[in-house]
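Q: The structure that follows is given in the form of structure tokens.
The values are calculated or read from the model by the stated rules, or taken from the named source; none is laboratory data. Only a predicted model underlies this, so the values are computations on that prediction, with no experimental measurement involved. Backbone-built Cβ (ideal geometry, glycine too); neighbour counts: all protein chains shown.
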Amino acid sequence: MAALPLPALHASHSGCWRRDGGSTRTISKGEAVTVAADTPQLILNAPLLATRLGYPDLAGLDLLELYAFIHPARFVVPTPKGLAHALGLTEPTGDPDVPRLLQEAAGALLEMCENDQWPEREGAWTALQSLTKMRWPWSTLLSARVRRPERAERWLFTRLPEWEETPEPAQPRQIVLEDEAVLARLAQLTGSSAEQRPGQRAYAAEAAHAFAPRERSGRPHVLLAQAGTGIGKTLGYLAPTSLWTEQSGGTVWVSTYTKALQRQLRQESRRAWPERRADGTRPVVVRKGRENYLCLLNLEDALQGGYQGRAAILAQLVARWAAYSRDGDMIGGDLPGWLGTLFRQRGIASLTDQRGECVYAGCPHYRKCFIERATRASIGADLVIGNHALVMVNAARGRDPASRPTRIVFDEGHHVFDAADSTFAAALTGAEAIELRRWVIGPEKNARGRRRGLAARLADIASYDEVGGKAITDARAAAEALPGDGWMQRLAENAASGPLEELLSAVRATVYARDESGGQDAGYALETEAAGLEGAFVEVSQAARMALVELRQPLIRLGMRLEALLEEPPDWLDGPGRARLEGARHSLTWRIDTLAAWESLLNRLGGAADPEFVDWLAVDRSEAREYDIGIHRRWLDPMKPFAKVVLEPAHGVMLTSATLRDGENWDKAVAKSGAAQIDVAPRLSAHQSPFDYAAQAEVLIVTDVPKGDIPALAGAYGRLIEASQGGALGLFTAIRRLRAVHGRIADRLARGGLPLYAQHVDPIDTGTLVDIFRDDPAASLLGTDALRDGVDVPGHSLRLVVMEQVPWPRPSILHRARRLANGGSAYDDSLIRAKLAQAFGRLIRSREDHGHFVVLSPAFPSRLLFAFPQGTPIRRISLEEALHRVVAHASGSPAVPAEDTRPLI
């Protein structure tokens, strides 16, 4: 294997290096920018390199783009070390050695193109012809190595397999799982050589109760099972799940909150189910919302000229991936998370199934659609791995009763309340209203190659059925009252057009008039209660409500006509046409329900408040830029609709997590399960973690870092990361402070061989940041809430968690209402303890893990200490003492002298 003799450039927070020929030298940042602008360099991750150099227009021969072309749908950590491991090359010894690796990696990848055993050869030559026309930097080097096939390659859309219709499954048999059988299945899944875990065995036996036959309609079995970290809850509930599906012939949904757990569950499920059954179908299916999947019609539009420039190159690389993808999942699936950031994430989003675009059976790729394939596969599957929002949406408005889950395991059950809060919310905002307008009318700028808008999607109905055609015409006319393109600019110029824009203008004016923050924190939305509104505002809102009524009525009429046509179909309505009408009717129902919710929201403005709901007006902002305006409604207790929609029709539901209850108290967990809303007493089960927290972990409350002192905060983070020699996860409650700390310490740490990555700073998606962090024990990662709950990094890569302060709830209008209804400060304390428990749970993931959990809080309330596992040493100490203990742990020496008898708090 020969290295590619082209210049290679690398930059980190510790400096810049360039290799030209056979020698590498250190160069200045200015020289790096100059050579990158003059001559294409071999680089790795152009957006990240551009951030390091402060040169946003950086371009070159990016090894990640080449990897995505040659090995689509293959995982690689997008770092020099990760690339070396993926290609079987020698890992670089440090930053100065990276340019050498880039040359060798380029040589190895290009050499693969000439290898007869290249697994992803099919389609490469055809894609390269298009990429050459687009002047992709790699095309010249590839053209000499990718040989033309003897036979013409098949078009991507002919290579993808078609899904097949399946009969409606029979009702599952009613069975009772015996403890002995469940434990035997558990032993089979864990393996004969695995460590016996009494807690896991007890947990599995408890989980089986959720699958018992239901005794009364509307009264499901509800199990709340708290399982401490290390219990092994995934296999614990998969044991009775797999046994029940095998004996009953039914389907179980396992629901998660994070995509990371979905991936983990897919891996673990292989112990219980084969990849495919004898008939070729998959017993395990991963399901996500439509917006996660590649839309083949969008891709075809992009490949046929809908995209230009770099976006067109992205479309070709995505097409390469689509041919080898397992399921077409673009967000958290086998599409590399870093691919979108190489071309800006909007490019990926525009290729997914956008809300309201799908034409169902009217699409020429309908029989190959990834979304339709997953939907149909889930009906006959044994296990469907979904997410909380999808489960709730399916239960609320699933098109097919057979697809509605009746046996559900909610893993990450502590997030069910949050998911229900979002799912059953109503928001009349500019962004939501313009989406509805586009669904009815179509885009104001005609999109190439796509039939959009009701009239285009249902043209045959409009010409065949007079009543249906008039309903479409009336709906199009009424939708003109909704905000159109440029609505935010018009509001800023006080030039609102139409009743909905006038309402949004009034919302904006009212919010700013009532704002008392002084605009100090532009990172948060501005909001005010939807109460005490002036008569003029109420008049505008009622005019907007009448405009929504004018739109909803023809949509209802159209839905009735579609239903009539489906009941008595005309001769020309074939199978695909029927499927298209059923899809249109489903979409209509969703929009009609949305309009009804908006009307109800507006109807209450100016009247008496409904105690079941919390209503407010908001201007959403990010870094001082407004991006949406609207009126919001949330249930005071979202578990009421959850119980009615999800629990009541189900037969068995299990909510499980390491942090369901607050200390030893189950009251909050029971209330947040929704069981009381349908008069069901849930079964309660708690299983303690097997970890020795007294020996494996230590909580350090640092008392001498002043709150609000950014230099002191940054200094503390920098010194703690140096003391632990990396392996630190830093958690922040504000993006502004995260960026400030990162900016002060990243260069210093990098010079010491300790790379620092950060959400909201590095142009890398969160999942990839975690992959990088997991892969490098010297790396550290700063982030916000997504990292507090979504990180599973067992081993030496995570040995220190640092929280910048107590995670107090943000004082929003919604929080204030719930705080008042749920016990005031006690409610706050329970929320904070849950966040602390989740954050602490990142630290110890196996029996071999050891580490420190540090909170930089001068006045950490003692009542919050119950968040940590019983037996965990907790000390209030100075930063210097904390550094001593972290250094001692990193070096392997005792952290506390034998004579130290200081009390644990």
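Q: Taking region 530-549, which residues are charged (D, E, K, R) and either outside the structural domain of Ala608 (by TED's automatic domain parsing) or closer than 19 Å to Ala477 by Cα (or both)?
A: Arg545
Q: I'd like the full set of residues that are surrounded by fewer than 23 Cβ atoms within 10 Å (Cβ to Cβ) and at pLDDT 95 or above, limited to region 651-665.
A: His651, Gly652
Q: Looking at region 540-560, is at least one residue of a type outside the set (A, V, I, L, M), over 35 Å from the mean Cα position of the chain (by Cα) and exposed (fewer than 14 other Cβ atoms within 10 Å of the Cβ)?
A: no
Q: Which one is nearest to the chain's Cα centre (by Cα), of the residues in region 130-146 that are part of a loop (DSSP other than H, G, I, E, B) and exposed (fewer than 13 other Cβ atoms within 10 Å of the Cβ)?
A: Only one residue tops the list, namely Arg135.
Q: With the requirement that a residue be among the acidic types (Asp, Glu) and part of a helix (DSSP H, G or I), what does region 418-445 give you?
A: Asp418, Asp421, Glu432, Glu435
Q: Answer with yes or no whether Thr126 is under 30 Å from Ala778 (Cβ atoms), crowded, with 18+ Cβ neighbours inside 10 Å and polar (S, T, N, Q).
A: No.
Residue-wise test of (1) part of a helix (DSSP H, G or I); (2) touching a helix residue (DSSP H, G or I) at 6+ places or on another chain (Cβ under 7 Å); (3) of a type in the set (Val, Ile, Thr).
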position	(1), (2), (3)
Leu749	yes, yes, no
Leu754	no, yes, no
Asp762	no, yes, no
Thr768	yes, yes, yes
Phe773	yes, no, no
Ala778	no, no, no
Leu782	no, yes, no
Arg788	yes, yes, no
Val801	no, yes, yes
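Q: So in region 758-800, with the set limited to residues that are over 21 Å from the mean Cα position of the chain (by Cα) and small (Gly, Ala, Ser), which one is surrounded by the most Cβ atoms within 10 Å (Cβ to Cβ)?
A: Checking each candidate, the answer is Ser780.
Q: Residues to consider are Gly606, Gly575; find the one that is surrounded by 17 or more Cβ atoms within 10 Å (Cβ to Cβ) and either in contact with a helix residue (DSSP H, G or I) (Cβ under 7 Å, 6 or more places away or on another chain) or not polar (S, T, N, Q) (or both).
A: Unique residue meeting the criteria: Gly606.
Q: Could you tell me whether Asp279 is free of Cβ contacts under 8 Å to residues at least 12 places away in the same chain and either basic (Lys, Arg) or not assigned by TED's automatic domain parsing to the domain that holds Gln262 (or both)?
A: Answer is yes for this residue.
Q: A further question follows. When you go through Ala32, Ala36, Ala46 one by one, which is the residue that is over 35 Å from the mean Cα position of the chain (by Cα) and either buried (at least 17 other Cβ atoms within 10 Å of the Cβ) or within 27 Å of Ile745 (Cα to Cα) (or both)?
A: The unique qualifying residue is Ala32.
Q: Ok, one more. Name, by its number, the condition in (1) assigned to a strand (DSSP E or B); (2) over 23 Å from Lys288 (Cα atoms) that does not hold for Ile231.
A: (1)
Q: Which one is surrounded by the fewest Cβ atoms within 10 Å (Cβ to Cβ), of the residues in region 49-58 that are under 18 Å from Pro137 (Cα atoms) and at pLDDT 90 or above?
A: Ala50
Rundown of residues vs (1) crowded, with 16+ Cβ neighbours inside 10 Å; (2) basic (Lys, Arg); (3) modelled with pLDDT of 95 or more, yes/no style:
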{"residue": "Arg452", "(1), (2), (3)": "yes, yes, no"}
{"residue": "Leu458", "(1), (2), (3)": "yes, no, no"}
{"residue": "Gly469", "(1), (2), (3)": "yes, no, no"}
{"residue": "Leu482", "(1), (2), (3)": "yes, no, yes"}
{"residue": "Leu500", "(1), (2), (3)": "yes, no, yes"}
{"residue": "Leu504", "(1), (2), (3)": "yes, no, yes"}
{"residue": "Tyr512", "(1), (2), (3)": "no, no, no"}
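Q: Condition first: assigned to a helix (DSSP H, G or I) and either of a type outside the set (Val, Ile, Thr) or over 20 Å from the mean Cα position of the chain (by Cα) (or both). Now tell me which residues in region 316-333 satisfy that.
A: Gln316, Leu317, Ala319, Arg320, Trp321, Ala322 - these are the residues of region 316-333 that are assigned to a helix (DSSP H, G or I) and either of a type outside the set (Val, Ile, Thr) or over 20 Å from the mean Cα position of the chain (by Cα) (or both).
One line per residue, one yes/no per condition, for (1) closer than 30 Å to His414 by Cβ; (2) part of a helix (DSSP H, G or I):
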position	(1), (2)
Val254	yes, no
Leu261	yes, yes
Arg266	yes, yes
Glu275	no, no
Asp279	no, no
Lys288	yes, no
Asn298	no, yes
Gly305	no, yes
Leu314	no, yes
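Q: Does Glu268 count as surrounded by fewer than 19 Cβ atoms within 10 Å (Cβ to Cβ) and either modelled with pLDDT of 95 or more or of a type in the set (Asp, Glu) (or both)?
A: Yes; evaluated as a whole, the condition is true for this residue.
Q: Next question, about the same structure. Got a sec? Which helices (runs of 4 or more DSSP H) wholly within region 656-740 have at least 3 residues that are farther than 29 Å from Trp635 by Cβ?
A: 693-696, 710-724
Q: Also, quick follow-up: When the residues of region 285-340 are narrowed to those that are over 15 Å from Tyr67 (Cα atoms) and of a type in the set (Val, Ile, Thr), which ends up modelled with the lowest pLDDT?
A: Looking at the filtered set, the residue picked out is Ile331.
Q: Now a separate question. Could you go through region 690-705 and let me know if any residue there is within 27 Å of Trp808 (Cα to Cα), among the acidic types (Asp, Glu), buried (at least 16 other Cβ atoms within 10 Å of the Cβ) and modelled with pLDDT of 95 or more.
A: Checking region 690-705: at least one residue is within 27 Å of Trp808 (Cα to Cα), among the acidic types (Asp, Glu), buried (at least 16 other Cβ atoms within 10 Å of the Cβ) and modelled with pLDDT of 95 or more.
Q: Looking only at region 620-654, how many residues end up being assigned to a strand (DSSP E or B) and β-branched (Val, Ile, Thr)?
A: Here the count works out to 3.
Q: Can I ask one more? Evaluate the following for Trp163: is it over 27 Å from Ser242 (Cβ atoms), under 34 Å from the mean Cα position of the chain (by Cα) and not in a helix (DSSP H, G or I)?
A: Criteria not met by Trp163.
Q: Got a number for residues in region 342-351 being modelled with pLDDT under 90, closer than 18 Å to Leu58 by Cβ and either surrounded by 21 or more Cβ atoms within 10 Å (Cβ to Cβ) or under 15 Å from the mean Cα position of the chain (by Cα) (or both)?
A: Count: 3.
Q: If I filter region 807-830 for residues that are buried (at least 21 other Cβ atoms within 10 Å of the Cβ) and assigned to a loop (DSSP other than H, G, I, E, B), do I get at least one hit?
A: yes
Q: Do the conditions hold for Thr589, that is, is it polar (S, T, N, Q), at pLDDT below 90, touching a helix residue (DSSP H, G or I) at 6+ places or on another chain (Cβ under 7 Å) and outside any strand (DSSP E or B)?
A: yes
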